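The structure under discussion appears below in the form of structure tokens.
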Amino acid sequence: MLNAVKQSWLTFKSIFTGMGVTIRHFFGPSVTLRYPEERMELPKGARARLFVNIDDCIGCNLCARACPVNCIDIETVAATKDVDLGKTSTGNPKRFWLTRFDIDMAKCMYCDLCVHPCPTNCIYMVPEYEYSEYDRSNLVYHFSNLEPEMVAEVKEKAEQEAEQKKREREEMMRKKAEEKAKKELEEKKKADEEATKNEKENGGE
Amino acid sequence: MAAILIHAAIPLTIILVYALVAIWGERKIAGFIQDRLGPMRVGGWHGWAQSIADLLKLIQKEDIIPTNASRFLFKFAPFMMFAASYAAFAVIPFSSAYIGSMINIGVFYLLAVTSILTLSVIMAGWASNNKWSLLGGMRSAAQMVSYEVPTIATVLTVVLVAGSLNLMTVTEMQAGNDTLGFLPNWLIFQNPFLIVAFIIFFISILAESHRVPFDLPESESELVGGYQTEYSGMRWAMFMLAEYADMLLLSLLGATLFFGGWNSPFGDFMGGPAWGFFWFMLKGLLLVFVMMWIRWTLPRYRVDQLMHICWNILIPLSFINLVLTALWEVIF
């Protein structure tokens with residue numbers, strides 16, 4: 001009997017303790033964030049989306065090489081001698097046209113490994129996380145600011161220059177080879193002359 | 001004829017408006033207790049039109065009747081359930097000026113009519129031809145039949161003190177503020193045994209109206225909705241409406257029997273029929289709020305625990321209480 005009373009007392013006590021907890025929460029503040037109207041402020045250093053400041057990029061390819069999932073795709077074309085691409089804001093001279101700088105955010109795993117090797121700090125994470133797409137191909141971000149015609153032009157120019165350089169080099173090689181051949185010939189002549197001279201001298205004895 | 005229609009329409013209006021508010025309120029209370037906000041979008045201010053949107057959605061739903069179900073019983077059960085709880089409102093005195101039917105056996109009528117709820121629950125469970133529904137219906141029948149005993153015993157305690165089965169008379173005799181000099185003459189303050197009676201009554205009505213922690217008939221997680229499993233659309237909505245109506249009915253009965261019905265807690269101040277209606281609904285809705293509060297606090301009991309509480313604790317206690325109240329009445 002006493003035990004039953006004790007049990008009932010404990011039951012009621014636990015029920016009222018529970019109800020006290022719930023009523024405190026009833027009047028307490030809510031933690032709900034009404035998302036499209038309210039947004040949580042992202043913490044410092046949040047990794048949400050990669051961004052490339054293409055004006056500062058020197059096309060060194062370090063980020064693409066650092067990427068463990070190969071989501072960065074860079075194509076560079078060497079600048080011809082007649083154009084000066086200027087310098088980055090950090091003072092590094094730019095020597096390449098960036099004809100392609102694509103980052104596939106569908107592949108990206110937000111490891112931040114591409115951010116640290118960059119010598120000009122031009123690739124970094126931005127706090128932009130609302131970029132869902134219906135098609136995965138839309139998640140590939142194109143950062144190169146060159147127009148397709150420009151790319152073609154630049155490529156052609158670079159090819160021409162490369163061709164010319166090749167030709168020049170071949171020319172140089174040929175000249176060098178010719179000179180070498182000449183030299184050899186001359187040396188041979190000299191040797192021959194000397195030989196005949198010696199022969200003559202020997203023969204005259 | 002017109003008088004009958006008006007008398008029929010008043011409780012129906014109250015039930016329907018209450019159901020819209022209570023369903024929204026239940027979701028808001030659930031939200032606040034869980035540190036959420038609950039519905040916020042529909043209708044502007046705190047999503048007040050959520051229930052209306054839900055109702056529109058339910059109206060558009062397909063009315064599915066399983067092939068092997070007993071068609072007539074299946075279709076009829078939800079309406080019978082609502083009719084049972086609606087009919088019981090006839091004897092509830094909403095204010096000093098309004099009671100649906102001034103019959104002398106009001107409490108008896110109310111208890112008798114609400115018993116039909118059990119029948120309609122079994123009807124729904126059996127007619128669905130589904131094991132979950134049948135289990136739910138059987139659980140519900142066992143639960144409601146069991147818990148009717150302590151409910152009736154505690155109501156009898158009140159009737160013993162009040163000396164009348166007419167709820168209007170019971171309310172009228174609770175008027176005035178004389179208990180201990182300042183408390184209202186409500187029956188709960190009349191003698192200590194009535195406090196115990198109220199606690200037993202409240203636990204029993206939780207079970208009668210299938211509220212947590214006694215919501216075994218529907219127990220979503222175990223019986224996938226119990227007797228409601230096969231219902232959809234408006235028929236399911238009728239079940240929900242009946243359930244909420246039942247909740248209000250039993251809360252109002254509790255308010256009438258223990259908390260002075262439409263009497264103002266300040267004596268004559270803020271009295272009169274309109275204020276009477278206000279006080280009555282306020283008391284009823286406070287009890288409904290406590291039921292919702294308990295719902296989001298306590299877990300569900302097992303079937304054996306449910307039966308243990310009823311037969312081993314509440315029934316002996318309520319009968320001992322009845323006898324002690326009778327002795328108190330004889331002595332004082």
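Readers should treat all values here as calculations from the given coordinates under stated rules, not as data from a laboratory. Values in this document were obtained by computation on a predicted structure and should not be read as measured data. Note that we place each Cβ from the backbone using ideal geometry, even for glycine, and neighbour counts take in every protein chain shown.
Peptide B:195-205 has a mean shielding of 0, counted as Cβ atoms of other protein chains within 10 Å of each residue's Cβ.
So if I take the centroid of the Cα atoms in the range B:115-186 and the same for the range B:194-229, what is the distance between those two points in Å? Using only Cα atoms to place each centre, the spacing works out to 12 Å. Dividing the mean sequence gap of close Cα pairs (under 8 Å, 6+ apart) by how many residues the range B:174-332 holds gives a relative contact order of 28 percent. The alpha-carbon atoms of the range A:49-151 define a convex hull whose volume equals 101 cubic angstrom per residue.
Counted by neighbouring Cβ atoms within 10 Å, the residues A:84, A:135, A:56, A:112 run from fewest to most as A:135, A:84, A:112, A:56. In terms of its C-alpha gyration tensor, the range B:21-145 has an oblate overall shape, because the principal axis ratio a/c (a ≥ b ≥ c, square roots of the eigenvalues) is not below 1.5 and a/b does not outweigh b/c. Listed values for the range B:37-51 are Karplus-derived 3J(HN,Hα) couplings in whole Hz (6.51 cos²θ - 1.76 cosθ + 1.60, θ = phi - 60°), namely 10, x, x, 10, 9, 5, x, x, 4, 6, x, 5, 8, 4, 5, and x replaces Gly and Pro. Here the range A:110-160 and the range B:46-110 have alpha carbon centers that stand 64 Å from each other. In chain A, the longest principal axis of the Cα atoms and the axis of helix A:2-27 are about 50 degrees apart.
Relative contact order, whole percent, for chain B stands at 23, derived from Cα pairs under 8 Å and 6 or more residues apart.
The mean number of Cβ atoms from other chains found within 10 Å of a Cβ in peptide B:32-38 is 6, as a whole number. Ranked by how many other Cβ atoms sit within 10 Å of their own Cβ, fewest first, the residues B:61, A:189 fall in the order A:189, B:61.
As a proxy for reagent exposure, A:120, A:11, A:80 were ordered by neighbouring Cβ count within 10 angstrom, fewest first; the result is A:11, A:80, A:120. Tally Lys/Arg at +1 and Asp/Glu at -1 over every other residue whose Cβ is under 9 Å from the Cβ of residue B:295; what's the total? Once all neighbours under 9 Å are counted, the net charge is -1.
Among the residues of A:18-27, the average count of other protein chain beta-carbon atoms within 10 Å of the residue beta-carbon is 5.
Would you list the P(r) distribution for the protein assembly as shown, with all Cα-Cα distances sorted into 20 Å bins from 0 and each bin expressed as a whole %? Going from the shortest bin to the longest, the percentages are 16, 33, 16, 15, 10, 5, 4, 2, 0.
For the peptides B:94-105, B:19-30, the ranking by mean Cβ contacts within 10 Å, running from highest to lowest, is B:19-30, B:94-105.
If R0 equals 41 Å, the separation of the Cβ atoms of residue A:55 and residue A:173 corresponds to a calculated FRET efficiency of about 0.55. The ratio of the alpha-carbon radius of gyration of chain A to the globular-protein estimate 2.2 N^0.38 Å is 2.26. Across q = 0.15 Å⁻¹, the range B:137-199 modelled as identical point scatterers on its alpha-carbon atoms has Debye log10 I(q)/I(0) values of -0.55, in the order of the q list.
Between the Cα long axis of helix B:192-208 and the first principal axis of chain B there is an angle of about 10°, rounded to the nearest 10.
When +1 charges are put on Lys and Arg Cβ atoms and -1 charges on Asp and Glu Cβ atoms, the dipole computed for the protein assembly as shown relative to its Cα centre reaches about 1200 debye.
If you bin the C-alpha pair distances of chain B every 10 Å from 0, what whole percents do you get? Going out from 0 Å in 10 Å bins, chain B shows 6, 24, 34, 25, 9, 2, 0 percent.
Taking the longest Cα principal axis of chain B as reference, the axis of helix B:233-258 is set at about 10 degrees. Using just its DSSP H runs of length 4 or more, each adding -39500 (n - 2.57), the protein assembly as shown gives a mean residue ellipticity at 222 nm of -19500 deg cm²/dmol after division by all residues. Would the range B:207-261 count as rounded, prolate or oblate if I go by the C-alpha gyration tensor, calling it rounded below 1.5 in a/c and otherwise prolate when a/b exceeds b/c, oblate otherwise? Taking the square roots of the gyration eigenvalues as a ≥ b ≥ c, the range B:207-261 is oblate. Work out the FRET efficiency for residue A:44 and residue A:150 from their Cβ-Cβ distance, taking R0 = 41 Å, and round it to the nearest 0.05. Calculated transfer efficiency: 0.65. Let a ≥ b ≥ c be the square roots of the eigenvalues of the Cα gyration tensor of the range B:177-332; is it rounded (a/c under 1.5), or, if not, prolate (a/b larger than b/c) or oblate? Oblate, because a/c is 1.5 or more while a/b does not exceed b/c. The relative contact order of the range B:38-133, computed from alpha carbon pairs under 8 Å that lie at least 6 residues apart in sequence, is 28 percent.
Evaluated with a Cβ-only charge set (Lys, Arg +1; Asp, Glu -1), the range B:1-79 carries a dipole of roughly 80 debye about its Cα centre, given to the nearest 20.
Rounded to 0.05, the FRET efficiency of the residue B:286 and residue B:232 pair, given R0 = 51 Å and the Cβ-Cβ distance, is 0.90. Structure note, pairs A:94/A:176; A:44/A:107; A:94/A:166; A:165/A:189: Cα-Cα distances above 25 angstrom occur for A:94/A:176; A:165/A:189. Centroid-to-centroid, using Cα positions, the range A:162-186 and the range B:295-325 are 109 Å apart.
3J(HN,Hα) couplings calculated from phi for the range B:155-161 with the Karplus curve 6.51 cos²θ - 1.76 cosθ + 1.60 (θ = phi - 60°) are, in sequence order, 4, 4, 4, 5, 4, 4, 6 Hz; Gly and Pro show x.
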